[in-house]
Ligand SMILES: Nc1ncnc2c1ncn2[C@@H]1O[C@H](COP(=O)(O)OP(=O)(O)O)[C@@H](O)[C@H]1O
Ligand SMILES: [Mg+2]
């Protein structure tokens, strides 16, 4: 087997446009080649043979007329009417010049054919020259009275300008290909746009899709928009449900807490109170998650202040959190109320829950603010990272038995926060502490429509 030959697939262009070009250009190219070979080789050769053949009939007649004349009559003979009519020019006693041999220019396809026919059909043929004068073929022949030079007009021997047709066909196909390419580009544009919209949706942005192009492409675009709307409706419903649940259960919980506070102090009462606190936190999570969608409450937020406060809170509770802040940080971001604190709290809470200490690093690059939180815990395997950010996903239930508060919304809330503000949430391997590193990136100057067009899931 020949293994190192590239497969056909690897040679083929990868893009749709490239393949379409191939589909258009290759047949035209093949057609050109076939046309050139068949038409020129066969049609022109045959036409040339026929034309030269009939012209040579005249030449033969003239030559035999000369042969028949007596030497004395030769001088007054002149050219016959027939020879004059076809433009024949005959000169007696012109010797073949010493340096002349059969000659045709390399590009003169018809000339080669003419030469073959001349050689075979001219009586007393000596030499023919088709190179010196493009309009005439000159033949030397031997008659009874000595050599004669016959000059024949080229347009009587072969069709003139045989390449004209080829040039015409080439130019025509070039124009056709250009038109086809332009058309293809227009056809591919809606596919590209749909791809871009799907990709943007994957990143959480809902860009408008205009259905255009061929019927199938238009149908795909409409199906995509349909699907996106459905997903968005479902998300909205889920959030509505969660927020309703959160609100409705809060009242009975508050009542229970009140009733408990009036009961006799006991271990059971303390345990129940802890449970109630857990449930309240859970409901807070629901509400936080559902609230991610609400457009209201945007305002300038000082990220440095938020991070410092958060870290201070954890330090006061005795948790080991290191803080590293760059010098030239922006002093305000346009964010929704309390969402940055909520997101960072979730991430830092995770870090200290799955690890023992955390490291927070705030930096600014060009138009972005990055807040990286790292821990010394077990981290998350790369293949599980995307899933960990989905709502209601908990990777390892046995890792944390303290269920109640843990429904797997922490990272999802942080991810939503990032997306609704035109930013990103990335999970990587830790650099300094070796556990998980969660990086929240926010645009320093978010485009005004980033807030409204972002999707929340
Ligand atoms: N810092 C971390 N180290 C290791 N695993 C983590 C870390 N943060 C999150 N995870 C994993 O990701 C899952 C989802 O996290 P999260 O959304 O905060 O939900 P929850 O904390 O409620 O389980 C967690 O169940 C946990 O398995
Ligand atoms: Mg968590």
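Quick notes on this structure:
- Inter-residue pairs, beta-carbon under 8 Å, first closer than 11 Å to residue 437 by Cα and in the range 355-383, second part of a loop (DSSP other than H, G, I, E, B) and more than 13 Å from ligand 1 (Cβ to nearest atom), 6+ apart: 358/319; 358/320; 359/432; 374/431; 374/432
- Residue, farthest from ligand 2 (Cβ to nearest atom), within the range 366-377, restricted to residues that are surrounded by 14 or more Cβ atoms within 10 Å (Cβ to Cβ) and more than 19 Å from residue 342 (Cβ to Cβ): 368
Residue-wise test of (1) surrounded by fewer than 23 Cβ atoms within 10 Å (Cβ to Cβ); (2) within 12 Å of ligand 2 (Cβ to nearest atom); (3) not assigned by TED's automatic domain parsing to the domain that holds residue 312.
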site: 364; (1), (2), (3): yes, no, no
site: 386; (1), (2), (3): yes, no, no
site: 408; (1), (2), (3): yes, yes, no
site: 412; (1), (2), (3): no, yes, no
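- Among residues that are within 41 Å of the chain's Cα centre (by Cα) and in the same structural domain as residue 112 (by TED's automatic domain parsing), residue 54 is not included.
- For residue 391: the one exception among (1) within 14 Å of ligand 2 (Cβ to nearest atom); (2) surrounded by fewer than 16 Cβ atoms within 10 Å (Cβ to Cβ): (2)
- Only helices (runs of 4 or more DSSP H) whose full extent lies in the range 58-174 are considered here, and the ones with at least 2 residues that are within 26 Å of residue 39 (Cβ to Cβ) and assigned by TED's automatic domain parsing to the domain that holds residue 48 are 109-121.
- So residue 348, is it within 16 Å of ligand 1 (Cβ to nearest atom) and within 30 Å of residue 236 (Cα to Cα): yes
- Residues that are crowded, with 16+ Cβ neighbours inside 10 Å and over 14 Å from residue 411 (Cβ atoms), drawn from the range 342-362: 352, 355, 357, 358, 359, 360, 361, 362
- Filter result for residue 193 (in contact with a helix residue (DSSP H, G or I) (Cβ under 6 Å, 6 or more places away or on another chain) and surrounded by 13 or more Cβ atoms within 10 Å (Cβ to Cβ)): no
- All positions within the range 106-126 that are in contact with a helix residue (DSSP H, G or I) (Cβ under 7 Å, 6 or more places away or on another chain) and at pLDDT below 80: 109
- Matching entry among 317, 327 (being over 22 Å from residue 407 (Cβ atoms), at pLDDT below 90 and in the same structural domain as residue 411 (by TED's automatic domain parsing)): 327
To keep it simple, each residue is scored yes or no on (1) within 24 Å of residue 200 (Cα to Cα); (2) more than 16 Å from ligand 1 (Cβ to nearest atom); (3) modelled with pLDDT under 90; (4) in contact with a strand residue (DSSP E or B) (Cβ under 8 Å, 6 or more places away or on another chain).
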| position | (1), (2), (3), (4) |
| --- | --- |
| 341 | no, no, no, no |
| 362 | no, yes, no, yes |
| 384 | yes, no, no, no |
| 422 | yes, yes, yes, yes |
| 427 | yes, no, no, yes |
| 438 | yes, no, no, yes |
| 446 | yes, yes, yes, yes |
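- Residue among 328, 337 that alone is away from ligand 1 (no atom under 11 Å from the Cβ), surrounded by fewer than 21 Cβ atoms within 10 Å (Cβ to Cβ) and without any contact (Cβ under 8 Å) to a residue 40 or more places away in the chain: 328
The values are calculated or read from the model by the stated rules, or taken from the named source; none is laboratory data. Treat the numbers as computed from the prediction; the structure is a model and nothing was measured. In this analysis, Cβ positions are derived from the backbone assuming ideal geometry, glycine residues included, and neighbour counts consider all displayed protein chains.
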